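See below for the structure under consideration.
The values are calculated or read from the model by the stated rules, or taken from the named source; none is laboratory data. Given the structure is predicted, the values throughout are model-derived calculations rather than measurements. Here the Cβ positions follow ideal geometry from the backbone for every residue, glycine too, while neighbour counts run over all protein chains shown. Just so you know, the surface numbers come from the protein's heavy atoms only, side chains and all, with ligands and any DNA or RNA stripped out. Shrake-Rupley method; radii C 1.70, N 1.55, O 1.52, S 1.80 Å.
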Amino acid sequence: MSEILIIAEHAGGKLNPATAKCVTAASSIAGAKMTIAVFAADGAAVAAQAAKLAGVAKVITVDNAANQHALAAVIAPQVAALAKSYTHVFGPSTTFGKDLMPRVAALLDAPQLSDVMVIESATRFVRPTYASNAITTVEVDAGTQVVATIRSASFTATPEGSSTAPIESATPSAALPSHTRFVGLAAAKSDRPDLQTAARVISGGRALGSADAFKIIYSLAEQLGAGVGASRAAVDAGYAPNDMQVGQTGKTVAPDLYIACGISGAIQHLTGIKDARTIVAINKDPEAPIFEVADFGLVGDLFTIVPELEKQIAATK
Amino acid sequence: MKRILVGIKRVVDYNVRIRVKPDGSGVMLDGVKMSINPFDEIALEEALRIKERGQAEEIVVVTMGPTDCQQQLRTALAMGADRALHIVTTEALEPLTGAKLLHKIVEREQPFLVILGKQSIDGDNSQTGQMLAQLWDRPQATFASKVELTDSSAKVTREVDAGLETLEVDLPAVITVDLRLNEPRYVKLPDIMKAKKKPLESLPVADLGVETKTRIKVLKTEPPAARQKGKMVKDVTELVEALRQKGLV
Ligand SMILES: Cc1cc2nc3c(=O)[nH]c(=O)nc-3n(C[C@H](O)[C@H](O)[C@H](O)COP(=O)(O)OP(=O)(O)OC[C@H]3O[C@@H](n4cnc5c(N)ncnc54)[C@H](O)[C@@H]3O)c2cc1C
């Protein structure tokens, strides 16, 4: 039987939705027994949320002041100590999971599969390579312990179930290093929906030309209740913060509606939006590659189209 | 000697639109332009700047792969690396195997800093640096967009989902770099000539004492599902109508 340990991601006492997606991924393995582990200074609130997710058998909290800031080098030995008896260890394919899970894999001497998008069986997985231009099906031998990160955009979040899983606390014996210290986090504060879970996302590219010009994107986003993304070029130029970058090396999004404004459609950007249900492209160049993937394309100047779009959407309400 | 070790991987150039082989056995690589993984170029650039500031004395670049990889090592030497190591193998290496091999090199070279790209743009795994850091039992600072060094520690700003996180790590350490850390320099022709004389040492993989057998078997490789061809609309009114019909606005 598959015994799956899922490492919870959380911040500010809230479970990150990426964890509920790991649960969905894990439950595609027939008969899987799923345990969620919460590493925190005080994980009670997060554990209570995790315990409600449908199908979860158990939640383990590992409370330790050293776990306050989710440092990979500190958490990895504790995960590895807990993980010995599990067949699979999953984490989200977020910067948290990408940072942590390879250290866990190294400690367990287990192969890692990154960005898993489909789980066909306990030993067979599908994952993207080459910026999602080559999708590979991979297999490990039965009995090989597997570490994996789960691609959030490929799975829906497991909802709350009718029962609550038991919560246990554990103190895995592991030597914790002191060589890594948290200094600070500069987090962009915004009331907009989170990019990775938003039902609608509006993104701006290099064409915006300044941070100030991004206002028209924020304004349209507000009208639609949408999250805001950006191309790498827009982030590099300082028009938008790094946490808004969508693409191969930024975030992967899976909204019902994605509107790309002044984005050319480089493969590295497209890989981040391939799971969007409907893509709209606004670009003044009719040859822009973004139109090859867009469900609706509109050729023209975004500085007139975007405000007009906002006005007309407001009028339909 | 204050030494920095930088990992260099030969990958399909980021501008190439790759194609999957019709029989599903992999990606077509014949005659395709190959380059240094873009993140590794940034890693090397950072190492060079650290040396130019007088905070390191020697930059060693290392790669793993077949003979062709020496082209990328020569480019790295032309950029300014002092010495190159080539772990020679024709097998595909899994990230953990790669990390174990790099660990052997780390034990041999005793660097105070290892700088790697945060991922390679072929496998997109983002594992090797973190695995190396764990095998070496040293700190890691992944996805770096700013690095400040003192004698005994590094202060690193990291691009994380929530924004920018700053960590302080004791040296030696592993840093993996993100795109906005720096802009790599261009290689000039005289440097290419000079690079030909710089030392490049080949190490057969079998001599390093690492089990290289793969545990992840690739069964098939397929192109992604194609999106349905979309439709051009003539103006905003038509766009809003189309979105309204789909219940999206
Ligand atoms: C290793 C690597 C990783 C990368 N990772 C990412 C990633 O994660 N995400 C990402 O986005 N990119 C990534 N890139 C960069 C990518 O290759 C492109 O350079 C980038 O996506 C281009 O951004 P852009 O479309 O905004 O800019 P451009 O390509 O310059 O396109 C601007 C577009 O705006 C249009 N335009 C100009 N003015 C107007 C106007 N007034 N109205 C309407 N349209 C207008 C132009 O026609 C053009 O199509 C990566 C690159 C590398 C090498």
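Sort out which residues of region A:291-302 are free of Cβ contacts under 8 Å to residues at least 24 places away in the same chain, within 12 Å of the ligand (Cβ to nearest atom) and at negative phi, and write them in order of number.
Result: A:Gly297, A:Leu298, A:Val299, A:Asp301.
Condition test on B:Asp68, is it under 27 Å from B:Lys213 (Cα atoms), away from the ligand (no atom under 16 Å from the Cβ), surrounded by fewer than 21 Cβ atoms within 10 Å (Cβ to Cβ) and free of Cβ contacts under 8 Å to residues at least 12 places away in the same chain?
no
What are the residues in region A:189-236 that are away from chain B (no Cβ under 14 Å), away from the ligand (no atom under 15 Å from the Cβ), open to solvent by 50 Å² or more (accessible area, probe 1.4 Å) and not charged (D, E, K, R), if any?
A:Pro193, A:Tyr218
If I filter region A:254-261 for residues that are more than 8 Å from chain B (Cβ to nearest Cβ), within 14 Å of A:Leu224 (Cβ to Cβ) and touching a Gly at 6+ places or on another chain (Cβ under 6 Å), do I get at least one hit?
Yes, the conditions are met somewhere in region A:254-261.
Determine which single condition B:Asn125 fails, assuming it passes every other condition in (1) more than 7 Å from chain A (Cβ to nearest Cβ); (2) among the polar types (S, T, N, Q); (3) closer than 21 Å to A:Thr252 by Cα.
Status for B:Asn125: all satisfied but (1).
Restricting attention to region A:255-270, which residues are more than 7 Å from the ligand (Cβ to nearest atom) and either polar (S, T, N, Q) or in a loop (DSSP other than H, G, I, E, B) (or both)?
A:Pro255, A:Asp256
Which of the residues spanning region B:197-243 are of a type in the set (A, V, I, L, M, F, W, C), in a strand (DSSP E or B) and within 30 Å of A:Val299 (Cβ to Cβ)?
Across region B:197-243, the qualifying residue is only B:Met232.
One line per residue, one yes/no per condition, for (1) under 28 Å from A:Ala157 (Cβ atoms); (2) open to solvent by less than 10 Å² (accessible area, probe 1.4 Å); (3) β-branched (Val, Ile, Thr); (4) near the ligand (Cβ under 9 Å from one of its atoms):
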| residue | (1), (2), (3), (4) |
| --- | --- |
| A:Gly238 | no, no, no, no |
| A:Val246 | yes, yes, yes, yes |
| A:Thr249 | yes, no, yes, yes |
| A:Val253 | yes, yes, yes, no |
| A:Gly272 | yes, yes, no, yes |
| A:Arg277 | yes, no, no, no |
| A:Val280 | yes, yes, yes, no |
| A:Lys284 | no, no, no, yes |
| A:Pro289 | no, no, no, yes |
